[in-house]
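Peer 1: Input: one structure, supplied below.
The values are calculated or read from the model by the stated rules, or taken from the named source; none is laboratory data. Note that the structure is predicted; figures quoted are calculated from it, not measured. Cβ atoms come from the backbone with ideal geometry, glycine included; neighbour counts cover every protein chain shown. Heads up: the accessible areas ignore ligands, DNA and RNA and are worked out on the full protein's heavy atoms, side chains in. Shrake-Rupley method; radii C 1.70, N 1.55, O 1.52, S 1.80 Å.
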Amino acid sequence: MRVLIAEDDSILADGLVRSLRHAGYAVDAVTTGVEADSALTTSVFDLLILDLGLPRMAGLEVLKRLRGRDSHVPVLILTALDGVQDRVRGLDLGADDYLAKPFELAELEARVRALTRRGAAGAATVYRHGALTYDQVGRVAQVDGQTLELSAREIALLEIFMQRSGRMVSKEQLVGHLCAWGEEVSNNAIEVYVHRLRKKLEPGQVRISTIRGLGYCLDRPH
Ligand code: CA
């Protein structure tokens with residue numbers, strides 16, 4: 001497994017390189033977007049770890065060019081903690097996963113294992129719920145094969161609902177799950193996000209019920 005790390009923070013990059021090499025990956029590291037783009041054009045990698053804030057070509061542009069060449073190499077993007085827009089844009093441009101800085105190396109290694117496993121086996125963990133499917137690794141939701149346009153937060157919510165289909169999920173569990181994704185949200189904001197997600201799922205006959213005072217439930221499909 002060969003991994004390319006594009007990260008201009010030398011301390012972080014050194015840590016990533018050492019940790020992934022220790023975990024048995026072949027690792028190349030570059031510090032600018034131009035170098036990343038050129039390495040991706042000339043060599044084959046099994047995974048790209050891409051900082052979005054790179055000098056001499058932004059990470060999003062590197063990603064756009066990569067997908068523009070029809071490359072399906074899994075991409076894990078690294079973003080600033082408050083870079084929600086960048087994260088969403090990165091996922092929209094075809095990134096497979098993201099980590100907000102600062103993060104634990106153990107978490108990065110776990111994400112890397114998941115992404116390279118998918119690359120190797122070509123199979124992902126897919127949840128099904130009636131006409132709705134959710135690919136946990138690619139973080140893609142589809143209804144009857146049509147991909148739903150969901151924000152990173154909506155995807156995070158859908159993920160926990162799919163994992164607990166037919167069971168009650170409390171607001172606190174939803175807040176905790178979003179925090180694990182690096183999203184800061186309040187109990188009140190959850191209502192708004194659930195409302196939006198509910199609207200997007202409606203056409204697929206997928207219902208999220210409110211259990212007054214307790215939480216929500218993804219109703220079992222008919
Ligand atoms: Ca940077």
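Peer 1: Specify the angular offset, from 0 to 90 degrees and rounded to the nearest 10, of the alpha carbon long axis of helix 33-42 from the longest principal axis of the alpha carbons in the chain.
Peer 2: Helix 33-42 sits roughly 80 degrees off the main axis of the chain.
Peer 1: Determine which lysines satisfy two conditions relative to LYS64: a Cα distance under 22 Å, and not lying fewer than 8 residues away in the same chain.
Peer 2: Result set, ordered by chain and number: LYS101.
Peer 1: What fraction of the Cα pairs in segment 126-218, stated in percent, has a spacing above 16 angstrom?
Peer 2: Details: 2060 of 4278 pairs.
That fraction is 48 percent.
Peer 1: In terms of solvent-accessible area of protein heavy atoms at a 1.4 angstrom probe, what is the ranking of HIS222, HIS195, HIS72, HIS129, highest value first?
Peer 2: Working: HIS222 220, HIS195 100, HIS72 155, HIS129 10 Å².
The most accessible residue leads, giving HIS222, HIS72, HIS195, HIS129.
Peer 1: With a 1.4 Å probe and every protein chain left in place, tell me how much accessible area ARG2 has, in Å² to the nearest 10.
Peer 2: 80
Peer 1: Also: Note down the nm distance, to one decimal, between modelled labels 7 Å out along Cα→Cβ at VAL192 and at SER38.
Peer 2: That separation, rounded to one decimal, is 4.5 nm.
Peer 1: In nm, to one decimal, how far is the ARG207 label point from the ARG113 one, both placed 7 Å along Cα→Cβ?
Peer 2: Each label point is offset 7 Å from its Cα along the Cβ direction, giving 4.0 nm.
Peer 1: For the chain, what does the helix formula give at 222 nm: sum of -39500 (n - 2.57) over DSSP H segments with n ≥ 4, over the residue count, nearest 500 deg cm²/dmol?
Peer 2: Details: 8 runs with 96 residues, N = 222.
Computed mean residue ellipticity for the chain: -13500 deg cm²/dmol.
Peer 1: Further question on the same structure: Which order do you get for ASP96, ASP14 if you rank them by accessible area with a 1.4 Å probe, largest at the top?
Peer 2: Numbers: ASP96 15, ASP14 85 Å².
Largest to smallest exposure gives the sequence ASP14, ASP96.
Peer 1: Using the C-alpha gyration tensor of the chain, what are the square roots of 5 times its eigenvalues, in whole angstrom, with the largest one first?
Peer 2: 33, 18, 15
Peer 1: For LYS199, list the aspartates and glutamates whose Cα falls under 15 Å from its own Cα; do not include residues on the same chain fewer than 8 positions away.
Peer 2: GLU149, GLU154, GLU191, ASP219
Peer 1: Going by alpha carbons, how many degrees (0 to 90, nearest 10) lie between the helix axis of 171-180 and the longest principal axis of the chain?
Peer 2: 10
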